[in-house]
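Report on the structure given below.
Derivation of every value follows stated rules applied to the coordinates shown; laboratory data play no part. The model shown is predicted, which means the values in this text are computed figures rather than measured ones. FYI the Cβ positions are ideal-geometry reconstructions off the backbone, even for glycines, and counts take in every protein chain you see.
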Amino acid sequence: MKASLSLVVGIALLGLLAPPGVAEMKPVLARPVSIDGKYADGIKPQTPSGQWAVNQAKKLGVKLTGKTVEYVITTTEETIDLAGVEFPVWAFGKEGEKGTVPGPTIGAVEGDLVRVTLKNKSRNNHTIHMHGPLTIRYDMDGVPGVAQEPVRPDEQFTYEFVAYPVGTHIYHCHVNANEHMDMGLYGPIVVLPKNPGADLPKGWEKIDQDVVLMLDEWDSTFSKVEGFKSTTAEQKQSAEVGHPRKIGNYNFFTINGNAFTDDRPNALLVKPGQKVRVRIINIGSWPHNMHFHGHNFLVTNIDGYPVRNPQRSDTINIIPGERMDLVFEANQEGRWVWHCHIVPHATNDGVYHGGMLLVVVYPDGLDPKKFPLGKPTKISEGGKSALPAVAAGGRKH
């Protein structure tokens with residue numbers, strides 16, 4: 001009880017001791033510009049220079065490469081098919097192309113200056129929040145009302161940061177984030193070290209494949225009922241999308257925007273002996289327990305930062321907003337699943353198998369004659385198992 005009281009008093013004192021006028025101060029919000037770079041009211045367009053990000057990187061001891069990497073990303077309204085159900089989505093995409101879920105990867109080498117211009121070609125307000133990089137100025141943090149004004153339809157805004165730290169990060173919209181992220185506005189950021197493999201444990205420096213898997217959940221009710229209604233920047237699409245009461249209604253689960261079906265599976269093709277890095281990002285609202293059949297892996301990085309003693313495992317628990325990098329050796333043959341072991345998440349609207357499930361396939365595993373499905377035999381016909389009989393020490397009556 002005393003601890004609670006002292007906490008309340010402490011908060012009150014902070015308010016009393018604040019300099020006069022602080023409570024009334026409003027932050028200066030960064031202002032987007034129109035896509036043509038002009039304003040009817042004469043406001044001068046933003047001119048990115050990258051100087052703040054460069055100075056911040058120097059303070060943090062980041063060695064600069066002197067290179068600038070530029071991306072132009074648009075927001076559009078699209079439709080995707082999840083296991084036969086049409087979902088309306090808001091998507092990031094490359095300029096001149098349809099938006100995708102996830103959006104295009106923003107990639108750079110540690111020390112590069114990264115410049116991302118968001119062009120809003122949709123009917124709703126949007127921003128980008130760079131989730132993980134540490135050299136971005138506050139007014140480019142993407143949070144409306146705190147850091148910047150939202151980017152309205154037919155406006156654009158440029159974000160700048162120096163690529164740091166090395167690792168797997170995220171970008172996503174932060175306007176009404178529970179709704180806009182649920183609608184598909186997210187993508188991966190990958191920062192590579194200057195020396196390839198320097199971010200990996202000894203013996204794993206040479207990687208044959210580097211894969212990003214983004215995990216997410218979807219609620220088909222808003223798609224069927226609310227999703228295709230006309231939207232504007234002034235009026236939210238649906239008060240139900242991302243609503244806390246609806247968090248238990250997710251009934252489709254995806255890896256990189258696709259819910260597994262036999263006709264359109266999530267598949268990772270590997271060759272025997274390959275070393276594979278998998279960057280798993282949980283962009284959704286539920287934790288996921290990703291279990292890999294027939295293999296184990298090393299967890300090497302969490303949120304981009306190296307794990308001091310990499311842990312060997314076959315299952316990880318990854319919480320919302322978290323990123324986990326892991327490596328495994330392809331030392332099997334055939335076909336193996338990697339799925340969320342919160343097993344309802346490996347369904348499509350409750351129908352198993354589907355959803356958050358990936359198949360790791362070796363070259364010969366694509367041949368159903370060489371690797372047919374295991375086939376049981378009838379007990380009444382005296383069928384024998386493919387394995388030797390094993391004595392079972394069951395309960396004796």
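Descriptive notes on the structure:
- Taking other C-beta atoms within 10 angstrom as a stand-in for reagent exposure, R335, R277 fall in the order R335, R277, fewest first.
- Sorted peptide list for 322-331, 165-174, 143-152, criterion being average Cβ within 10 angstrom, highest first: 165-174, 322-331, 143-152
- Legend: ranking of residues D216, D263 from fewest to most surrounding C-beta atoms inside 10 Å; resulting order D263, D216.
- Long-range HN-HN contacts of V212 with modeled amide H, under 5 Å: R279
- Remark: T254, T65 ranked as T65, T254, counting other beta-carbon atoms within 10 Å and listing the fewest first.
- Integer Hz, Karplus 6.51/-1.76/1.60 couplings in order for region 343-356, x for Gly and Pro: 4, x, 6, 9, 10, 10, 6, x, 9, 8, 9, x, x, 7
- Tensor-based shape of region 75-198 (alpha-carbon gyration tensor, a/c under 1.5 rounded, otherwise prolate or oblate): oblate
- Percent of beta bridges antiparallel (DSSP, region 211-366, rounded to nearest 5): 80 percent
- Packing rank of 189-198, 82-91, where each peptide gets the mean count of other beta carbons within 10 Å, highest leading: 82-91, 189-198
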